[in-house]
Amino acid sequence: MKIKSVIVASMMMPAVAMAWPWSTDMMNQPNIKPQEGAMLDFPERSIPIAGMPTQIADREASRNIKNPVQATAESVNTGRTLFKIYCAACHGQTGAAESPVSSKIGAIALNDDYVQDSLTEGWLWGTITFGSYVMPAYGVPQGKRGSNDLTVEERWHVVNYMKHGLVKDAAAATKTAAK
Ligand code: HEC
């Protein structure tokens, strides 16, 4: 009678029940678990299928590359968000060089003819990717100032914003400020 109640009591306590030698747990099989062991290197010459080519030597080489991302409203909106996170500190919230540090470090306005008309989309992408003279890089972890915070596609979204949203935003902000 006593033994029976011990068994019944243990069966009601899962921790004890699982510790019985005949308990089997499906988890414990001779296989490789997620995150276990060293990750295998990608085979040589493999290409990320959802990616875009990034083998560009420098900013000069990006001058004439074609923007593969259509400037849809969605892309421009994503670019605006990224711009406010990564670029506004120096170039201003609307890119009109209205940030307190713009003039101190020479972060130029991006809504003028120089950027809007003379610089190609490829050059803008290259500037974000490789940085400029003072400006840091966002596509290559180059030297101390570099980072690869923005993916290839994200950089194109920022380009789309610079060419298709920034001027409007800057103009709207000036109007609001003038009121
Ligand atoms: C730390 C400050 C800083 C940040 C952050 C920054 N920039 Fe700049 N940027 C500059 C400065 C300074 C210049 C002008 C001097 C130079 O070319 O380095 C410049 C120049 C530029 C130019 C003109 C390049 C040319 O050919 O004359 C573009 C376009 C530009 N920035 C876009 C961006 C974008 C887009 C971002 C965000 C992804 C960004 N910048 C983030 C400081 C910054």
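Here Thr174 passes the criteria (1) among the β-branched types (Val, Ile, Thr); (2) at pLDDT 90 or above; (3) surrounded by fewer than 18 Cβ atoms within 10 Å (Cβ to Cβ) except the one numbered (2). For the stretch 14-34, the criterion of being at pLDDT 70 or above and either outside any loop (DSSP other than H, G, I, E, B) or touching a strand residue (DSSP E or B) at 6+ places or on another chain (Cβ under 6 Å) (or both) is met by no residue.
In the stretch 54-66, which residue that is within 14 Å of the ligand (Cβ to nearest atom) and not in a helix (DSSP H, G or I) is nearest to the chain's Cα centre (by Cα)? Across the stretch 54-66, the extreme among qualifying residues is Asp58. Elements of the type helices (runs of 4 or more DSSP H) sitting completely within the stretch 76-179 and holding at least 2 residues that are within 19 Å of Asn64 (Cα to Cα) and within 9 Å of the ligand (Cβ to nearest atom): these cover 121-130, 152-164. Of the set (1) of a type outside the set (Gly, Ala, Ser); (2) touching a Leu at 6+ places or on another chain (Cβ under 9 Å); (3) at pLDDT 95 or above, all apply to Trp125 but (2).
The values are calculated or read from the model by the stated rules, or taken from the named source; none is laboratory data. The structure presented is a predicted model; accordingly, all values stated were derived computationally and were not measured. In this analysis, Cβ positions are derived from the backbone assuming ideal geometry, glycine residues included, and neighbour counts consider all displayed protein chains.
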